[in-house]
Amino acid sequence: APARRETFSSRRLFILSAIGSAVGLGNIWRFPYVAYENGGGAFLIPYLVALLCAGIPLLFLDYSIGHRFRGSAPLAYRRLHRAAEPIGWWQVLICFVIAVYYAAIIAWAAMYAWFSITQAWGDDAEGFFFNNYLHTADQAGLSFDFVSSVFFPMLAVWIVTIVIMVAGVNKGISRANAVILPLLVVMFVILVVQSLFLDGAMEGLNAFFTPNWDSLQNPGVWAAAFGHIFFSLSVAFGIMVTYSSYLKRKTDLTGSGMVVAFANSGFEILAGIGVFAALGFMSVASGQAVDEVASGGIGLAFVAFPTIVSEAPFGAVLGVLFFGSLVFAGLTSLISILEVIVAAFQDKLGWSRKAATLVVTIPIALISLILFPTTTGIHLLDTSDAFVNQFGILACALVTVIVVSAGLGSLPRLQKHLNRTSTVKMGAGWRILVGGIVPVALGYMLINEIQTKSSEQYSGYPAWFNGVFGWGMAGALIVGAVLLSLIPWGEKSKLKDAEYE
Ligand code: PHE
Ligand code: NA
């Protein structure tokens with residue numbers, strides 16, 4: 001008989017792992033800038049609305065599907081309804097694309113923790129990053145010119161990750177999160193306190209928190225809030241379905257979800273304070289307005305922050321804390337996305353944990369190591385992130401909620417399941433949010449994304465490049481999902497549909 005499905009040995013470990021997944025690069029380098037650009041202090045209102053009306057209700061949806069049907073995304077959706085299996089595979093493939101480039105960012109950050117000590121970039125952080133470190137090619141494309149200072153740290157990231165994953169849910173994933181998450185919180189709090197003592201910190205915080213109330217009339221600001229919340233909570237692409245499938249049968253789902261959601265938001269707001277205190281320092285030191293130095297994403301982490309590290313007192317400490325936080329936050333998220341893929345193949349083919357993990361993660365690591373530590377890796381990363389992570393996720397989430405609510409009419413069933421297990425009960429309001437408000441918000445954002453992405457060449461890259469690695473890849477995932485769902489379930493697979501009708 002196939003081994004019984006592993007479960008988290010305690011609810012605490014599930015919560016830690018779910019927070020580890022949610023708290024990622026997005027909290028540190030994305031939220032501060034999104035909030036600043038979209039109304040500063042006033043952004044808190046659309047942010048909270050999005051959290052309460054879309055983020056948390058969707059998180060509960062993921063939990064209810066994973067926990068009720070006790071399977072990886074493809075198996076859980078299949079048990080919900082046979083025809084829904086491709087949704088699960090779509091989520092698996094999105095996770096695959098994210099995983100292959102996420103490892104590259106973690107590797108850069110690890111190198112930058114070291115560079116903070118050696119001050120490798122001198123006084124030209126931007127030139128150093130693109131030329132001396134990444135050796136970025138002039139033209140976006142596909143080159144196989146490897147950059148060893150990216151390749152080797154990436155290899156290390158993959159080895160550490162695979163070792164953790166092979167050990168399984170309790171000995172690997174739980175343990176890693178139980179060690180990394182507390183460390184991350186301690187490092188990050190020290191980082192924020194150190195930033196608050198920098199000259200100019202208050203100017204930075206003023207810029208961050210000053211509310212622009214007019215922004216609330218701008219629909220784009222509301223879309224930004226919803227978009228960020230979906231991304232930040234990692235909802236609707238399989239992660240939370242997978243993790244909750246490892247919960248014991250009697251578990252308080254909604255109570256756990258609230259803890260995860262508020263911990264994630266608490267971390268982002270802390271990050272906003274730390275990042276803008278540091279940017280305030282940079283603005284005072286360079287005599288530029290905060291507006292001119294503020295940025296997010298790769299520019300914030302690998303251009304602005306190194307500059308701050310060079311100029312701040314105890315800059316090396318600041319740098320090690322910042323880049324160390326990116327590494328830790330990233331690792332726990334990478335583990336969670338890989339688990340979606342591992343669990344899916346383990347279920348479908350009936351393999352053991354070890355076999356499934358090795359057979360799935362080694363090829364993924366190889367693909368990642370062939371494509372990203374190259375002189376064109378950053379272009380590929382940029383385009384896949386924009387099309388799959390920002391646009392594909394929205395499309396997948398929209399299809400998922402429509403199929404589950406209007407298509408299959410499953411919400412009452414799932415609501416019942418939530419209420420049977422949980423302390424915080426869901427009423428009709430939950431069904432209205434998930435089946436009505438969420439699809440409308442997602443639909444609006446998706447149309448917006450399609451319009452912007454088709455009106456100009458993304459990032460100024462050649463049309464063929466965005467065509468293949470952007471639109472092409474996003475479309476290929478859907479085709480791939482259908483094909484994967486057509487593969488018959490292995491003899492030893494843990495299908496057992498009947499038990500779940
Ligand atoms: N939720 C993570 C964050 O806020 C992002 C993430 C994306 C995590 C994909 C896992 C997978 O950064
Ligand atoms: Na997050």
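Readers should treat all values here as calculations from the given coordinates under stated rules, not as data from a laboratory. The model shown is predicted, which means the values in this text are computed figures rather than measured ones. Cβ sites come from the backbone with ideal geometry, for glycine too, and all protein chains shown count toward neighbours.
Taking one quarter of the surface of the convex hull spanned by the alpha-carbon atoms of segment 213-289 gives a direction-averaged projected area of 7.7 nm². Ordering of 449-461, 406-418, 297-309 by packing is 297-309, 406-418, 449-461, highest average first (other Cβ atoms within 10 Å, averaged per residue). Here the simple spin-label model places points 7 Å from the Cα toward Cβ, and for Ile362 and Asp138 these points are separated by 4.1 nm.
When the charge dipole of the chain is built from unit charges on Cβ atoms (+1 for Lys and Arg, -1 for Asp and Glu) and taken about the Cα centre, the candidate among Ala278, Cys53, Ala207 whose Cα reaches farthest toward its positive end is Cys53.
From the P(r) of segment 356-428, could you give the percentage of C-alpha pairs in the tail past 18 Å? Result: 66 percent of Cα pairs exceed 18 Å. When only Cα pairs below 8 angstrom with a gap of at least 6 residues are kept, the chain shows a relative contact order of 33 percent. Our coupling estimate for segment 96-108, obtained by passing each phi through the Karplus curve with A = 6.51, B = -1.76, C = 1.60 and θ = phi - 60°, is 4, 4, 5, 4, 5, 9, 4, 4, 5, 5, 4, 5, 4 Hz, Gly and Pro reported as x. The Cα center of segment 27-72 and the Cα center of segment 273-339 differ in position by 23 Å. Based on DSSP H segments of at least four residues, each scored -39500 (n - 2.57), the chain has a per-residue ellipticity at 222 nm of -20500 deg cm²/dmol.
When only the Cβ of Lys, Arg, Asp and Glu is charged (+1, +1, -1, -1), the dipole of segment 331-484 relative to its Cα centre reaches about 820 debye. Taking each of Lys348/Lys496; Lys348/Lys494; Lys248/Lys348 in turn, the alpha-carbon distance tops 18 angstrom for Lys248/Lys348. Amide H contacts of Gly71: Ala76, each under 5 Å away and 5 or more positions distant or on a separate chain (H built 1.01 Å from N in the peptide plane; Pro and chain starts excluded).
With a simple spin-label model that places each label point 7 Å from the Cα along the Cα-to-Cβ direction, the separation between Val440 and Phe146 comes to 5.4 nm.
In the chain, Rg over Rh equals 0.95, where Rg is the alpha-carbon radius of gyration and Rh the Kirkwood radius from pairwise Cα distances. 3J(HN,Hα) along segment 30-41: 9, 3, x, 6, 4, 5, 4, 5, 10, x, x, x Hz, from the Karplus curve 6.51 cos²θ - 1.76 cosθ + 1.60 with θ = phi - 60°, whole Hz, x for Gly and Pro. Taking the charge dipole of segment 223-338 about its Cα centre, with +1 at Lys and Arg Cβ atoms and -1 at Asp and Glu Cβ atoms, the residue from Thr332, Leu247, Ala312 reaching farthest to the positive side is Leu247.
Across all Cα atoms of segment 244-346, the radius of gyration (one decimal) and Dmax (whole number) stand at 18.5, 58 Å. Starting from the Cα gyration tensor of segment 397-461, take the square roots of the eigenvalues, sort them a ≥ b ≥ c, and report rounded, prolate or oblate (rounded when a/c is under 1.5, otherwise prolate if a/b is larger than b/c, else oblate). Note, shape of segment 397-461 comes out prolate. Once you divide the Cα radius of gyration of segment 346-501 by 2.2 N^0.38 Å, the number left is 1.32. Charging the Cβ of each Asp and Glu at -1 and of each Lys and Arg at +1, and nothing else, the dipole of segment 88-214 about its Cα centre rounds to 860 debye. Projecting the Cα atoms of Val403, Gly472, Asn448 onto the charge dipole of segment 399-501 (Cβ charges, centred on the Cα centre) puts Val403 farthest toward the positive pole. The phi torsions of segment 179-189, fed into the Karplus equation with coefficients 6.51, -1.76 and 1.60 and a -60° offset, translate into couplings of 8, 6, 4, x, 4, 4, 5, 4, 4, 6, 5 Hz, rounded to whole numbers, with Gly and Pro shown as x. About its Cα centre, segment 223-333 has a charge dipole of approximately 620 debye under the convention of +1 per Lys or Arg Cβ and -1 per Asp or Glu Cβ, with nothing else charged. The listed peptides 168-177, 92-101, ordered by packing as a protection proxy, come out as 92-101, 168-177 (highest mean of other Cβ atoms within 10 Å first).
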